[in-house]
Amino acid sequence: MKKFSWRVILLWTLPLLVVGIFLIQGTVSPNTNSLGSNTASTRMTYGRFLDYLNTGKVASVELYENGRTAIVQAMDPEIDERLQKLRVDLPANSPELISKLREADVNFDYHPVNNDGAIWGLLGNLIFPILLISALFFLFRRSNNMPGGPGQAMSFGKSRARFQMEAKTGVMFDDVAGIEEAKEELQEVVTFLKQPERFTAVGAQIPKGVLLIGPPGTGKTLLAKAIAGEAGVPFFSISGSEFVEMFVGVGASRVRDLFKKAKENAPCLIFIDEIDAVGRQRGAGIGGGNDEREQTLNQLLTEMDGFEGNSGIIIIAATNRADVLDSALMRPGRFDRQVMVDNPDIKGRLEILEVHARDKKISEEVSLDTIARRTPGFSGADLANLLNEAAILTARRRKTAVTMAEIDDAVDRVVAGMEGTPLVDGKSKRLIAYHEVGHAIVGTLVKDHDPVQKVTLIPRGQAQGLTWFTPDEEQGLISRSQLMARIAGAMGGRAAEEEIFGYDEVTTGAGGDLQQVTEMARQMVTRFGMSDLGPLSLEGQGGEVFLGGGLMSRSEYSEEVASRIDDQVRQIIEHSHQVARRIVRDNREVVDRLVELLIEKETISGDKFRQIVAEYTEVPEKERFVPQI
């Protein structure tokens, strides 16, 4: 049976009660109980009543309604002097009437007015205001418990920060892996809070702010949770977007309120996530500097290192857009330390995988070291998602433990997207097979290219087929020969289409490859100085429009240099294109065999691919790690 709360019952009962009261008020006359059965149907004028009174024909009089109505028993001469009840409407001011009744020795009686009608009238007049006030009370009481509700209209200037006297985040430094350098910096902050005398004894001061900088998913927020869990001091957490509202002055008021509460609980920690929402550069936008966000930033700068200071308060902020932050926010005295939280290296990835594998059933055949080597460039969030996807696939396939098959499929899913329906059309399938084998054969036979991991015709995401390459090591620096090899490998698909089917039969499948190739070649010319133009950097990173650096940008070189840049880009791409076509043309026999095998199996591993190619030609020696799949 469905249960109704007392509020719902009240909302249904009050309107019915109001309607009932008004109905009763309208139907119950205040005179009904007073007149009762003595109500006379025959009326008599007041003058005739006085004539009857003077002639002694009135036997008795009963007064009602404060003396405004009388029921008179009188002898009517028209009906043989018989007594008859007559109703008389008396004038408002007739004080002599009582005297005349006494002089005529007429029995009279006074009936007071029944107050029931007044009570109902009073209730009817009061019930609507009471109902309105009650409804408003319940509305504001309910909205006060809802974030951003109308009940909080008077609390816009209050801080929205979540406060914990002893933060119980459930995360400690042992739960954070893969970013050891950042951990060391922040562990020192915790030591500052726990043992300040250790540093103040030698004249060291507690840093006022720590800025965590890094790509998304690298563990910046996780580090803040670990600091909160380890420090054991009051902890405030808020997002940068929660400062700014549509009302003028609200953001600055919230900043003041936040630091006021923090000073009352010092020493303490304040964590501001995504600080770039409020800390972007001032005065660079189109609308000038007098806007709400900039006023909020000004107040934040003053509170962090203003006239009064914020002794005992350590601010930790996180952002992945440090390039847009205001320079005043980045200076020493505000954010004294800027900690880079970058994507982990192979050792860090292995540690992260070990942390996330604790609560998962992993088969003994699975090597976390192999997974770490296969996932260069993955962030901590990517690795956590990878193992979670593998566990989901394991449950879907009704297995008891995660195997390498699920890991392999999870890597493909995370990188390329969800698996699609395999192709059945013979012509399209063969064309895509030649395209992917073209990538793989060129990547295998070019010396400085990354080794092939897998070639597949199983669609994933927007791609109808995929060729995977695994970097042999952590590549922080890339040589010109490696870039040229990558451009040639990317052109291998178009080269195979041209060599096998002819120029008139090339497809749009190489559209993404051409965009990638053009971008790499242009960066080689304009940023890395890897062309005949010489060691010149002709283009910067480029400013964003919201920073004012995109609307009136001017060219950094002349039209003649721009033409030479285009020529150099075209030469690099064309050279790599010819290399790719030559490789496909010279190895047509092995290409055809690989295509037939790929159509039959739909997937060829890197080891199998290189083994077949080695039967026909010599494969260049490459220092590489080839994972076992």
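Computed from the coordinates by the stated procedures, all read-outs in this text should not be read as laboratory data. Since the structure is predicted, the reported quantities are computational estimates derived from the model, not experimental observations. Reconstructed Cβ throughout: ideal geometry from the backbone, glycine too, with neighbour counts over all protein chains shown.
Around the Cα centre of segment 172-254, unit charges on the Cβ atoms of Lys, Arg, Asp and Glu (plus for the first two, minus for the last two) sum to a dipole of about 280 debye. Across segment 346-416, Cα pairs under 8 Å and at least six residues apart give a relative contact order of 37 percent. Say each of residue 135 and residue 505 gets a label point 7 Å from the Cα, pointing the same way as Cα to Cβ; how far apart are those two points in nm? If labels sit at residue 135 and residue 505, their model points lie 7.7 nm apart. From the Cα gyration tensor of segment 162-340, with a ≥ b ≥ c the square roots of its eigenvalues, which class applies: rounded if a/c is under 1.5, or else prolate if a/b is larger than b/c, or else oblate? Because a/c hits 1.5 or more and a/b exceeds b/c, segment 162-340 counts as prolate. With 21 Å as the limit, the listed pairs 361/399; 208/261; 220/263; 427/608 have 220/263; 427/608 beyond it between alpha carbons. Taking all C-alpha pairs of segment 346-416, those more than 14 Å from each other amount to 52 percent.
When only DSSP loop residues count, what trypsin sites (Lys or Arg not before Pro) in segment 382-439 have their Cβ near at most 16 other Cβ atoms within 10 Å?
Numbers: sites: 396, 397, 398, 399, 413, 427, 429, 430; in loops: 397, 398, 399.
Counting only loop positions with at most 16 other Cβ atoms within 10 Å, the trypsin sites (Lys or Arg not before Pro) in segment 382-439 are 397, 398, 399.
Residues 449, 439, arranged from fewest to most other Cβ atoms within 10 angstrom of their Cβ, appear as 449, 439.
Suppose a student asked you for the relative contact order of segment 162-340, using Cα pairs under 8 Å spaced at least 6 residues apart; what percent would you report?
That works out to 32 percent.
Overall, the anisotropy analysis places segment 404-485 in the oblate class: the square-rooted eigenvalues a ≥ b ≥ c of its C-alpha gyration tensor yield a/c not less than 1.5, with a/b not exceeding b/c. Applying the Karplus relation 6.51 cos²θ - 1.76 cosθ + 1.60 with θ = phi - 60° to segment 344-355 yields 3J(HN,Hα) values of x, 7, 5, 5, x, 5, 5, 5, 5, 4, 5, 5 Hz, where x marks Gly and Pro.
Here the relative contact order of segment 310-437, from alpha carbon pairs under 8 Å that lie six or more residues apart, stands at 20 percent.
Residues in segment 412-417 carry Karplus couplings, in order, of 4, 5, 5, 7, 10, x Hz; the curve used is 6.51 cos²θ - 1.76 cosθ + 1.60 with θ = phi - 60°, and Gly or Pro positions show x.
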